[in-house]
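Below: the structure, in structure tokens.
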Number of protein chains: 2
Amino acid sequence: MAVRPKTTRGQARRDQILRAAETVFGTMGYADASIADITREARTAQGTLYIYFRGKDEIFAELVAEMGRLTRDVIARAVAKCDGRLEAERRGLEAFLRFVAERPELYRIVEEARFVAPAAYRDYFTRFARAYRQQLERAQRAGEIRPGNCEVRAWALMGLAKALGERFVLWDRDTDIEEVVAVAFDMIEHGLAA
Amino acid sequence: MAVRPKTTRGQARRDQILRAAETVFGTMGYADASIADITREARTAQGTLYIYFRGKDEIFAELVAEMGRLTRDVIARAVAKCDGRLEAERRGLEAFLRFVAERPELYRIVEEARFVAPAAYRDYFTRFARAYRQQLERAQRAGEIRPGNCEVRAWALMGLAKALGERFVLWDRDTDIEEVVAVAFDMIEHGLAA
DNA sequence: TCACAACATGAATAATGATTCATGTTTCAC
DNA sequence: GTGAAACATGAATCATTATTCATGTTGTGA
């Protein structure tokens, strides 16, 4: 029951199952996805899944955690050698949207986690927000951005990115991401006031 | 099977069940809520529910639609006699957050609809976005706000509001909404640039 | 090559809970 | 007052599926 693989073969099986779960959960959603669907996709027996995971929720939560590491990594890379927070803001948003475009299933899983694996979901966004806030505070101290509560701003900016991803990437698979980023960034930089 | 009530009694029962469903779905979530839970809360027999609703999904979708009417109404009222779009933006955001604070269950339902009743969910936000965009375009023509794609902006602003609601209202039941609104509004008005 | 740990199988189990339906009860138009 | 339509009941049905487990198979260190 839920053992960490000790051989290469075991590691491979575990991965095989995780990848299958990603596909199945991502396309059918948690409720409609059955263990049978996942193991069929993974080409293993149902019992095999229970060697590596405690159950349906645990494998889902694991995907969310994996996704957390991945997203943080993608954004961090994109933002790494930007000079100036505003530039980082633009690049980060663009990287995020492109990432959603590339792995829409994974992103759906993160959002569904809000209801299926609340702890994992909260963890995902809380971690992200903490880092985000620190970046903003640093920029604020450097006088790059207006003063103001950076916790609130971090969450506002995350929400903005999520909504754009949902509407312009998941729903319309063919909108011009660059255009969306440009418009959003103008708002982030200068606000709405004429 | 799913009949529109023709008497006062019928109307009352249907409502009774809807209110019970609101409570039960709102606190336990769709998956964990059973028909038995709902009818117990409503003090009716399980079969009664099926007189007025086709099934578990339909009653859920109905709640989402109801919620749509309600939110639009609340925001419209709050924004009604503001002069200037920016003022409306501030008041609208505040009204939204206070609404989430007052009926957290209902708002949870709308968000869960993304996975449980996608059509209702999409309808909810698409309608909202349409109205929002029109307001922004009007303000733009009046020279009140900077020029820019208002469809993108509308979704960005909706996402921002959603995230703030989730983090500062649903998670922290006691943050100072006024403070959050002030910070967010500063960003909406002037952006981040120093 | 043996022994043993790790891995793999898939049919059986067992719980759950949405939906139906045969049987009442209430309302109200006439 | 009566009959028919509307409403209400809740126990039985029925399908679905997560999880277990008794039984194999594979790989490897000594």
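The values are calculated or read from the model by the stated rules, or taken from the named source; none is laboratory data. Remember, predicted model here, so these are calculated numbers, not experimental data. In this analysis, Cβ positions are derived from the backbone assuming ideal geometry, glycine residues included, and neighbour counts consider all displayed protein chains. Note: accessible area is taken over every heavy atom of the protein model, side chains too, but ligands, DNA and RNA are not part of it. Shrake-Rupley method; radii C 1.70, N 1.55, O 1.52, S 1.80 Å.
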Give the shape of chain B as rounded, prolate or oblate, defined through the alpha-carbon gyration tensor: a ≥ b ≥ c are the square roots of its eigenvalues, a/c under 1.5 means rounded, and otherwise the shape is prolate if a/b is larger than b/c and oblate if not. prolate
Just to be sure I understand the rule: take each whole DSSP H helix in chain A, project its Cα atoms onto its long axis, keep it if the span is 20 Å or more and its mean Kyte-Doolittle hydropathy is at least -1.0. Which ones pass? A:8-28, A:56-79, A:85-102, A:150-164
Buried by partner chains in region B:140-167 (accessible area down by at least 50 Å² vs chain alone, 1.4 Å probe, heavy atoms, protein only) are B:ARG146, B:VAL152, B:ARG153, B:TRP155, B:ALA156, B:GLU166, B:ARG167
Using a 1.4 Å probe on the protein heavy atoms, what percent of the accessible area of the protein assembly as shown belongs to carbon and sulfur? 48 percent
Need one number: buried accessible surface between chains A and B, 1.4 Å probe, both sides summed, DNA, RNA and ligands left out, in Å² to 100. 4300 Å²
How much area per residue is accessible in the protein assembly as shown when the probe is 1.4 Å and only protein heavy atoms are counted (Å²)? 48 Å²
What distance in nm lies between label points placed 7 Å from Cα along the C-beta direction at B:GLU66 and A:ASP172? 3.4 nm
Calculated FRET efficiency, B:ALA80 and B:ALA142, Cβ-Cβ r, R0 25 Å, to nearest 0.05? 0.90
Taking the label point 7 Å from Cα along the Cα-Cβ vector, the copy-to-copy distances for B:ARG173, listed from shortest in nm with one decimal, are 4.4
Would you work out which of A:THR23, B:ILE109, A:PHE99 lies farthest towards the positive end of the dipole of the protein assembly as shown? Charges go on Cβ: Lys and Arg +1, Asp and Glu -1. A:THR23
List B:ILE35, A:ILE17, ordered by accessible area with a 1.4 Å probe, largest first: B:ILE35, A:ILE17
What are the label-to-label distances in nm, one decimal and shortest first, from B:ALA193 to the same spot in the other copies, with labels 7 Å along Cα to Cβ? 1.3
In debye, nearest 20: dipole of region B:53-194 around its Cα centre with unit charges on the Cβ of K, R (+) and D, E (-)? 600 debye
Descending packing, highest mean Cβ count within 10 Å first, for A:177-184, A:137-144 is A:177-184, A:137-144
For A:THR48, inter-copy label-point distances (7 Å, Cα→Cβ), nm, shortest first, read 5.1
Summing -39500 (n - 2.57) over every DSSP H run of at least 4 residues in the protein assembly as shown and dividing by its residue count gives a helix-only mean residue ellipticity at 222 nm, to the nearest 500 deg cm²/dmol, of -24500 deg cm²/dmol
Suppose every Lys and Arg Cβ carries +1 and every Asp and Glu Cβ carries -1, with no other charges. What dipole size does the protein assembly as shown come out with about its Cα centre, to the nearest 20 debye? 760 debye
If you take the square roots of the eigenvalues of the alpha-carbon gyration tensor of the protein assembly as shown and sort them as a ≥ b ≥ c, do you get rounded (a/c under 1.5), prolate (a/b over b/c) or oblate? oblate
